[in-house]
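Take a look at the structure set out below.
The values are calculated or read from the model by the stated rules, or taken from the named source; none is laboratory data. Small disclaimer: the values here were computed from a predicted structure and weren't measured. As a convention, Cβ positions derive from the backbone with ideal geometry for all residues, glycine included, and neighbour counts pool all protein chains shown.
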Amino acid sequence: MIKDATAQRIIEAAMSGGADFAEIFEEEKKSSAVGLLNGRTIRASSGIDYGVGIRLMLGTNVVYVYTCDKGENDLINLAKEAASALKSDSLSAIREVEALSKSTPSVLVIDPLSVSKKTNIDFLKQASDYAMSFDALITQVSASYATSNRIIHIVNSEGFNKEESQTRIRFSVETVATKGNEKQTGRIAPGTMRGYEYINEYPIIDKTRECCETAIRMVNAGYAPSGKMPVVIGNGFGGVIFHEACGHALESTAVGIKASCFTDKLGKQIASPVVSARDNARIEGEWGSYMTDDTGRESSDLLLIENGICRNYLVDDLGARRMGCEPTGCGRRQDYSYAPTSRMSNTYIDNGEDDPADIIADTEYGLYCTKMGGGSVDTATGEFNFASEEAFMIRNGKIAEPVRGATLIGKGQEILMNIDRVGNDLELSAGMCGSMSGNIPVTVGQPTIRVSSILVGGREA
Amino acid sequence: MDNTFEKELIGKLVDKALEYGFEEAEACYMSSSSMEINILNGEVSSYENSKVNGIGFRGKKNGQMGGSFTTDIDESAMDFMLETAMENCEVLDDEDEEFIYCDPEHPELVSIQLSGNYSKNTYEKFSEVGLELEKKILELSDDIKAVDYLSISCGTGPSISVNSKGLHTYKDSDYITIFAEARAQKDGVVKTGGHYWFGKDIDEFDPEPFLKILKKKVLGKFGAASVKSGEYKVILDSEAFVSLFQTFAGAFSSYSMQKGLSLLAGKEGTKIASDIFTIREEPMYEKALIKFPFDSEGVLTKSKALIDNGVFEKALYNLKTAHKAGTESTGNGFKDAFSAPVGISATNLVVTPGEKSFDELCEWIGEGIYITELNGLHAGVNKISGDFSLFCEGYLVKDGKIARPVEQITVADNFYDVLKKIIATGSDTISVPEGKGEYFCPSVVISSMNISGDMEEE
């Protein structure tokens, strides 16, 4: 990694154009992945990605340059080039680079990169072989496994000198059930920052069975109905609703330029009183965790909503300048090719008091989404949409027939107010979030919740 | 730019690979330079500049092709790439063979599509154009409160590949894109809308047509209400149709077919769409910003129909899938990045236009919905079965005219059914950048689609 003395010279060059802040972000990522289709290994890849980004700020103006070069002269020239984009005469103070401090959110007993690809393949084969012989309706099984180690090193003009190592594993199993022309899928895709011991302990057969069952249930299911109705959203990945409909609108990227539907809402009610939510980046071993963010700041366990009241925004250093507040340690980026922005980590609706079984029993008619797919949101209007991968009708307080093809749409502000029941079965689930600073690992989560009314887009009137 | 060093480096890597025990090998080097400015509140809020490069390697041993990549280019990286690629060969057991290829008649393939205008792309020039554009957007109406996002970016850079069969390829091109998103507020209701421009010469950017469309995309949404659920005739505007088609474009890949992931398997030569629908792949289409004379495997591309008057002519093949099917590659073997394996992609696609203008299409359908945006395409679709249920925006068409905007509605249908229900295409072709290249597509009329809304009665 870049030596302290070199870093100091790069920062000096970067500050020569009048910037009031300069930062070096150095990243090295080693990755390894395999992919299986119907039991055969059809993909195996390995790579090293190295690069450096240099960011300057002057007030709320940002200059960002990046490269794969690592020679000192190349980097100093790049820093000078960046500095020349700022037209200021005043020079700001530069603090001396502190001694390097290291952190990691990963909890590794067995380093995943020390495990051979053959072992990774054997693990996926268990799932694949099981699914292939599960039922004649299962016609395709794909499985993948990817692991990486990402070391980030941040030095800035305020003296920061931080290094964080992040090791992650994510794998997936997808089963396809076929009936005539109809094909439906079941999917699991867990992610972790624990070591390979996570894989050794994972109940792969049980989870693959569920995956096959979902695909078969959905291929036999009729279409979901259309119209407004109460919707019970299952725990775990169901939290994608909160991530999309609320989390993004609490990021300073939107709030800082008043482009969010939650602008100026601190201390005000934005959700029903049964809703409390957090963004906690400091859960050891969790997929979306980090101890040091991509701007060198310590991450936080942030209370976003307390009993319906908006308590905090997710603020990165640029957002802090715009909003006149302190950053919360949420500056993240996919890699060195992106300037950081405010992003989520492990974001979830906290446990409530209801037994999930009671929530279903108290719903006379509605939709029960047990597995959610992805979605998207317009943070200015709050309009969102997301798809359900597995859903059932609720009739007379009981889970009735499975239905497919349901999309939930609405406005974040309204949906949050319409959450009327919150269960006590909080679960987190891994995902990837795409936004201005690229695709980053996040977890979403929630207990079982009920929204009193959501527009369901299905195919049956 | 002189790339002698890189050419030698990847040539050396290929030679070393053969010594290392690979039977065949290929290496590619890609370099890219880019610049981007963002405008916010009358200022250049951010400026980005980059130069990145990387090497991708693939080598064949015992019929298996192992790959590796690095952006950390030095001698030790070569050893890493060869070692890990060999390890990958050893664990693979793909029953379908991948090939390293060189067309004996075309061992040297060169495609230089540099505009000669790239040096105009300076910080000063982009700032001037961007600041002026922001000002003009804000002047469009008092209801436009902010331009939340405005970026101008450009990129260029060569891509070189060399293989042990004697192939040498060289590609370079450049582009500029402009994107702006405005936010408007009226009577407490917020609406946003964005528009883009792309080209190769910043001086060719004409703000007037851009502003006209952006204005419609933002302010046209006020006064929106939902509709009653039911079956409607639908006009999909070019962008909406392209986004839908692109979502399911993987179904036309022979790879998806061979792996049982496409319902089009076995349907080559049969009717899959309405008689009036033709879509062609034109890699060298004259109006396209980027042309594709050859693919990443060194196979020459060709002009061909994907769907010709409703008949699915031929799937897209690369060398691997063509070998399995006993046919020839269609020149669609593309890598998405130097680090990626060879996949299958279409280049520029052209939908044959019809005779009617957009206004005539509205008049012709009389009553229906004109859809301008389909949202949630990454989530609300089943890529295999073709089922989709998507949040959409657009307008209600009444008495042959646009009556009012619609919101909070979803459209649910099946892609393969939609292809059969196309009853007209307009004469209003526009270019929509999507996938590897562009689509040239007019408005497309669908005889009926299922719309959900929460309005009781009109």
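Considering only residues of the stretch B:66-81 that are hydrophobic (A, V, I, L, M, F, W, C) and not in a helix (DSSP H, G or I), which is nearest to B:Ala25 (Cα to Cα)?
To start, the set of residues in the stretch B:66-81 that are hydrophobic (A, V, I, L, M, F, W, C) comprises B:69, B:73, B:77-78, B:80-81.
Then keep just the ones that are not in a helix (DSSP H, G or I); that gives B:69, B:73.
Numbers: B:Phe69: 13, B:Ile73: 18 Å.
The selected residue is B:Phe69.
When B:Lys186, B:Lys191, B:Lys217 are checked against the criterion of being touching a Lys or Arg at 6+ places or on another chain (Cβ under 7 Å) and more than 30 Å from B:Tyr29 (Cα to Cα), B:Lys191 stands alone in meeting it. Looking only at residues of the stretch B:227-273 that are part of a loop (DSSP other than H, G, I, E, B) and in contact with a Lys or Arg (Cβ under 7 Å, 6 or more places away or on another chain), we find that the one that is nearest to B:Val397 (Cα to Cα) is B:Ala273. Scanning the stretch A:330-374 for residues that are farther than 30 Å from A:Val63 by Cβ, aliphatic (A, V, I, L, M) and outside any strand (DSSP E or B) yields a total of 4.
Considering the stretch B:198-218, and only residues there that are more than 14 Å from every other protein chain (Cβ to nearest Cβ), aliphatic (A, V, I, L, M) and touching a residue at least 60 places away in the same chain (Cβ under 8 Å), the residue that is surrounded by the most Cβ atoms within 10 Å (Cβ to Cβ) turns out to be B:Leu214. Remark: pairs (first residue in the stretch B:81-94, more than 7 Å from chain A (Cβ to nearest Cβ); second residue among the hydrophobic types (A, V, I, L, M, F, W, C) and surrounded by fewer than 18 Cβ atoms within 10 Å (Cβ to Cβ); Cβ separation under 6 Å; 6+ apart in sequence or on different chains) are absent. Residues in the stretch A:386-409 that are within 14 Å of B:Leu390 (Cα to Cα) and free of Cβ contacts under 8 Å to residues at least 60 places away in the same chain: A:Ala387, A:Thr407, A:Ile409.
Within the stretch B:176-197, if we keep just the residues that are more than 20 Å from A:Lys258 (Cβ to Cβ) and surrounded by 17 or more Cβ atoms within 10 Å (Cβ to Cβ), the residue that is nearest to the other protein chains (Cβ to nearest Cβ) turns out to be B:His195. Pick from A:Ile138, A:Ile205, A:Ile152: which is surrounded by fewer than 17 Cβ atoms within 10 Å (Cβ to Cβ), in the same structural domain as A:Arg9 (by TED's automatic domain parsing) and at pLDDT 95 or above? Sole residue among the options that is surrounded by fewer than 17 Cβ atoms within 10 Å (Cβ to Cβ), in the same structural domain as A:Arg9 (by TED's automatic domain parsing) and at pLDDT 95 or above: A:Ile205. Given the criteria crowded, with 19+ Cβ neighbours inside 10 Å and either in contact (Cβ under 8 Å) with a residue 12 or more places away in the chain or within 26 Å of B:Val218 (Cβ to Cβ) (or both), does B:Asn450 qualify? Considered against the rule, which asks whether it is crowded, with 19+ Cβ neighbours inside 10 Å and either in contact (Cβ under 8 Å) with a residue 12 or more places away in the chain or within 26 Å of B:Val218 (Cβ to Cβ) (or both), B:Asn450 comes out as yes. Taking the stretch B:362-376 as the range and being more than 9 Å from chain A (Cβ to nearest Cβ) and under 29 Å from B:Leu263 (Cβ atoms) as the test, the residues that pass are B:Ile365, B:Gly368, B:Ile369, B:Tyr370, B:Ile371, B:Thr372, B:Glu373, B:Leu374. Kindly check whether there is at least one residue in the stretch B:386-404 that is of a type in the set (A, V, I, L, M), out of contact with any helix residue (DSSP H, G or I) (no Cβ under 7 Å at 6 or more places or on another chain) and crowded, with 19+ Cβ neighbours inside 10 Å. Checking the stretch B:386-404: at least one residue is of a type in the set (A, V, I, L, M), out of contact with any helix residue (DSSP H, G or I) (no Cβ under 7 Å at 6 or more places or on another chain) and crowded, with 19+ Cβ neighbours inside 10 Å.
As a summary of the residue check, B:Met449 satisfies the conditions (1) within 14 Å of chain A (Cβ to nearest Cβ); (2) assigned to a loop (DSSP other than H, G, I, E, B); (3) farther than 17 Å from B:Ala225 by Cα except for the one numbered (2).
Somewhere in the stretch B:346-360, is a residue in a loop (DSSP other than H, G, I, E, B), within 14 Å of chain A (Cβ to nearest Cβ) and more than 18 Å from B:Met257 (Cβ to Cβ)? Steps first, answer last, please.
Filtering the stretch B:346-360 down to residues in a loop (DSSP other than H, G, I, E, B) leaves B:346-348, B:352-357.
Narrowing further to those that are within 14 Å of chain A (Cβ to nearest Cβ): none.
Scanning the stretch B:346-360 turns up no residue that is in a loop (DSSP other than H, G, I, E, B), within 14 Å of chain A (Cβ to nearest Cβ) and more than 18 Å from B:Met257 (Cβ to Cβ).
Restricting attention to the stretch A:420-461, report how many residues are within 20 Å of A:Leu250 (Cα to Cα), within 14 Å of chain B (Cβ to nearest Cβ) and touching a helix residue (DSSP H, G or I) at 6+ places or on another chain (Cβ under 8 Å). Going through the stretch A:420-461 one residue at a time, the tally reaches 5. Using the structure shown, decide if A:Gly296 is surrounded by 21 or more Cβ atoms within 10 Å (Cβ to Cβ) and either within 14 Å of chain B (Cβ to nearest Cβ) or at pLDDT below 95 (or both). It is false that A:Gly296 is surrounded by 21 or more Cβ atoms within 10 Å (Cβ to Cβ) and either within 14 Å of chain B (Cβ to nearest Cβ) or at pLDDT below 95 (or both).
Against the definition (small (Gly, Ala, Ser), free of Cβ contacts under 8 Å to residues at least 40 places away in the same chain and away from chain B (no Cβ under 14 Å)), how does A:Ser133 come out, yes or no? Steps first, answer last, please.
Working: small (Gly, Ala, Ser): yes; free of Cβ contacts under 8 Å to residues at least 40 places away in the same chain: yes; away from chain B (no Cβ under 14 Å): yes.
So A:Ser133 fits the description; yes.
Selection of the stretch A:82-115 for residues being modelled with pLDDT of 95 or more and assigned to a strand (DSSP E or B) yields A:Ser101, A:Lys102, A:Ser103.
Of the residues B:Lys267, B:Lys302, B:Lys271, B:Lys287, which is surrounded by fewer than 17 Cβ atoms within 10 Å (Cβ to Cβ) and within 14 Å of chain A (Cβ to nearest Cβ)? Give the steps one after another, and end with the answer.
Values: B:Lys302 fails: within 14 Å of chain A (Cβ to nearest Cβ); B:Lys271 fails: within 14 Å of chain A (Cβ to nearest Cβ); B:Lys287 fails: within 14 Å of chain A (Cβ to nearest Cβ).
The match here is B:Lys267.
When B:Leu150 is tested against (1) closer than 27 Å to B:Leu219 by Cβ; (2) without any contact (Cβ under 8 Å) to a residue 60 or more places away in the chain; (3) touching a helix residue (DSSP H, G or I) at 6+ places or on another chain (Cβ under 6 Å), exactly one condition is not met: (2).
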